[in-house]
Each structure stands twice: as C-alpha cells, then as structure tokens.
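Just so it is clear, none of the values below were taken in a lab; they were calculated from the coordinates. Note that this is a predicted model, so its numbers are computed, not measured. We place every Cβ from the backbone using ideal geometry, glycine too, and count neighbours over all the protein chains shown.
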Amino acid sequence: MHPRLTLSELEEHPLRQRLNNEFHARPPVPLVGAVLVSHLVFKHSATTAPAERDNLAKLCQGHVCTAIESSDAHLMIETGAFRMRWELHTEFSSYTFFRPLVSGEELSPDVTAFDAVHPEWFSGIPGQLIVATHVELRSTDEINPDSVLNSLTPNGRTMVASRVADNAAWIFTDFKIDNGFSRFLVLNASMTQRQAGRTVQRLCEIETYRLMALLGLPIAKEVGRWLYSGEKQLAELMDKIGQAKSPEDERTVLATLSGLAAEVEHSVARTTFRFGASRAYHGLVMQRIEELRETRISGLPTFNEFMQRRLLPGMNTCEAISRRQEELSARVARNSQLLRTRVDIELERQNQELLGQMNSRAKLQLRLQETVEGLSVVVLTYYGSQLVQYLAKGTKELHHLNTDVITAVSIPVIAGVVAWGTRRMRKKLAAEEGAA
C-alpha cells in the first residue's frame, strides 16, 4: 500500500491562501431587530492604506475593540457602543457603523450610528467624503408600510420604493441629502438575519457606486465643450488643406494638426480611466439592484426605473463623449497621415529635381574632367619628353646619338602610354563603382 500523501509535501502557490480569503471577503453582517447603519465613503489616492490603518488603531485606543475579521483591505471591529466595518477599495474607503436600536425608539435627524466616536478621529481619515448615508432597519410591526405610503404627499419629493427579497421587506428612499446624509428606510417583514444584512449592504453599495459612477459626468461635460471646439478646428484645418497652394502652406497646416493631435491624446489619456471606472460602477449599481429582486409598489418608481431615468442618461453622456474622443483622435490621425503623404510626395518631387540637377552637374564635371585629362596627357608627355631628353644628353658621348631625334621619337610613345594608362584606370574605377 502506498504511503498517504500530505499537502505539506507539495509546493503551494504563494497566492493560494490570499486568493481564497479574497473570495470570502466582505460577507454581509447578520442583522437582528432594529438597527441604524451609518455608511461613510472617502475618496482617496492609492497610497493612503498605511495612514488609514494607523487611524483605525487610534479608534481602538478610546474603546475596547475586538477584531472580528481582518485582512489587508478589510477590518471588522466590535465595541460596546457600536460595530464598525472598514473596506479599502481602489479609489475609496468605506466605513460602515452599526448600532442596535430599541424597539420603537424615535430617531432625531442628527442621530448617527457613530455618535460614540470622537469627532477628531474622523478628521484623521485620509481623502474626501463623497458618500454619507443612513439605513434604518425596522420591522413592519414597529412601522406599518401603509403608514409610510399614506404620509407621502402628491406634491412632495419623488419617493423611490419597492418590495424586495421576494416581498420579504419594503424599502423607501428619495436619494436626497438631508442634514448631510441620504437616507433609506427598510421595513423587515420576514427576512432572515443574513437577508437583512445583505439587503442593507446592497443599499450602501448602490449609494456608493451611484455617486462614484457620477464622478465621470462633470468631466464628460468639460470634455464635451472642448470637443466642440476641437472638431470645429479640425474642419477648418481640412478646408486649409484643400486651399493649400504651396508646400509651406501644407507644412503650416501639418504643424497645427500635430498640435491638435497632441491635445486630443492628452484628453484621452486624462479621461480614459475615469470613463472606464464610471462604466464599471454603473454596472455594479444595476447588478446590486437586480439582486434586490424588486416588486413594484403601485404609484411609486422602483430602484431600477429610477436609475434608468436619472443615472443612465449621465452614463450615456460619458459613453458618448468617450466615443467622440476616440473618433476625433482617429480622424485627426487619418487627416495627419493624408497631409503627411502630400508633404512627402512634394518632398519626393523636390528630391527628384535636386537629383536631376546633381546629375547634370555630374555630367558637366565629367566633361571638365575629360578635358583636364587631355591636358594632363599633354603635361605628362611634356615632362616625360624632358626626362628622355636629359637622359639622351647624358648618354650622348657614349652612343653619339642625336638628342633632338630621340626626344622627338619619345613624344608619341610617351603620349600613347599616358593615354592608355589613364583610360585603363578610368575603366577600373567604373567597374569598381558598378560592382559596389
């Protein structure tokens, strides 16, 4: 029988445990009875995690804290006065406080679930507050849903309401900010503890992702105004391309077009992340709403309908501006390539003219060189005959030869040798040039 294998004998991937913990991170907090939930979200940079952890440690200095769950991006602590859940995300951190309520307890508008926390602690949280919402969880025995519906006035605020979790609960909100907080009222009819926790968690996430998605809308409006002027400038440049009369005009237009291309690419690089994040956050909002399993309450819009009317147009604006940027970038690139081709063709024509002029000058230089070669033959022949004459004079007494006759005879011989040598050298250079 083979020995039994133990996992300790196998090499484990270094991320195995971490990935499994991430899979189980951020579970819903089971909620029992009446609960007040205060949810705060701070938008921050990507380097604030150490500062946030230091600030969380200060929270436990003033309270007796018990860590229930803890990881690199998640922390749950329990105190005698409240329960707090911290989550670290890419762009923001969330702080969710839970405080149990006494059945039938009346809440004033200023009451929060973190009243027991010293205000100075909140000033140490890095980033800027972007979401602050209250979720009040009550049972239908405490607050009758019909009484809430009867309190709605025809001329009042637009109330969003629906029955969720297969009609196990009622949710009411108007997505307005009162006294610094948006508010949700959840009336529990027959939800379990975990269903109540999941419902509250989804409402907090809907409010968070809704505002994070809308961060792209002001940028889209700003870029939209710039795109209008950029598209108009591109149309004017295209008219100038058609009216260009000289290469100088085309080069001027090309320089302006290159500047416009740089501006477009800068805008694309600046907004790509924001528009992509808005698209992802919008998808999360709609996913969380779908998970609520809404049922319509007669006369009131559901969460899905409200988001379709109020959030979707803003997301469509971001999407349209993103497409316009990409299209403008592509148009500028095409027109730049077209104009650059025209400039290259003109430069090619000028280069051909220059090469033709150089060829003419080369032919002229060749003729001058041939003329100079002829003169060179005469000069070399003259000096060669002079050398022959000196030699003949030196040997005159030995051979009794006529120096003038020897010199005269040597002239055609020397001229022939020089001409032959010059021609042969020319042929050799031409052959080497052709081979190269």
Surrounding net charge for Q233, when Lys and Arg each add one and Asp and Glu each subtract one, Cβ distance under 12 Å:
-1
For the range 90-106, Karplus-derived ³J(HN,Hα) couplings (6.51, -1.76, 1.60; θ = phi - 60°; whole Hz; x for glycine and proline) come out as 5, 10, 8, 10, 10, 10, 10, 9, 10, 9, x, 10, 7, 4, x, 5, 8
Give the separation of the Cα centroids, the range 312-379 to the range 162-241, in Å.
53
Sequence of L59, L203 once ranked by neighbouring C-beta atoms within 10 Å, starting from the fewest:
L59, L203
Once the in-chain neighbours fewer than 8 apart are removed, the lysines whose Cα is under 28 Å from K363 read K427, K428
Between the Cα axis of helix 216-243 and the main Cα principal axis of the chain, the angle (0 to 90°, nearest 10) is 30
In degrees, nearest ten, helix 49-59 long axis to first principal axis of the chain (Cα)
20
If you find the alpha carbon centre of the range 102-116 and of the range 255-301, how far apart are they in angstrom?
36
Can you give the relative contact order of the chain as a percent, counting alpha carbon pairs under 8 Å and 6+ residues apart?
14
Cross-link partners among lysines for K58, C-alpha distance below 27 Å, same-chain residues fewer than 8 apart left out?
K43
Search the structure for amide H atoms under 5 Å from the amide H of H89, placed 1.01 Å from N in the peptide plane, and list their residues when 5 or more places away or on another chain.
S94
Angle check, please: helix 312-394 long axis (alpha carbons) against the longest principal axis of the chain (alpha carbons), in degrees 0 to 90, nearest 10.
20
Of the GluC sites (Glu not before Pro) in the range 79-183, which ones lie in a loop per DSSP and count no more than 12 other C-beta atoms within 10 Å?
E105, E106
Students often check this: by mean Cβ neighbours within 10 Å, which of 144-151, 156-163 ranks highest, and how do the rest follow?
156-163, 144-151
Name the trypsin sites (Lys or Arg not before Pro) in the range 174-226 that are in a loop by DSSP and that have at most 11 other C-beta atoms within 10 Å, would you?
K176
Residues R426 and R323, FRET efficiency given R0 of 41 Å [Cβ-Cβ distance, rounded to 0.05]:
0.05
Extension gain (nm, one decimal) between L215 and T140, 0.36 nm per residue minus Cα-Cα:
23.4 nm
Mind giving me the FRET efficiency for H266 and V379? R0 is 56 Å, r the Cβ-Cβ distance, nearest 0.05 is fine.
0.20
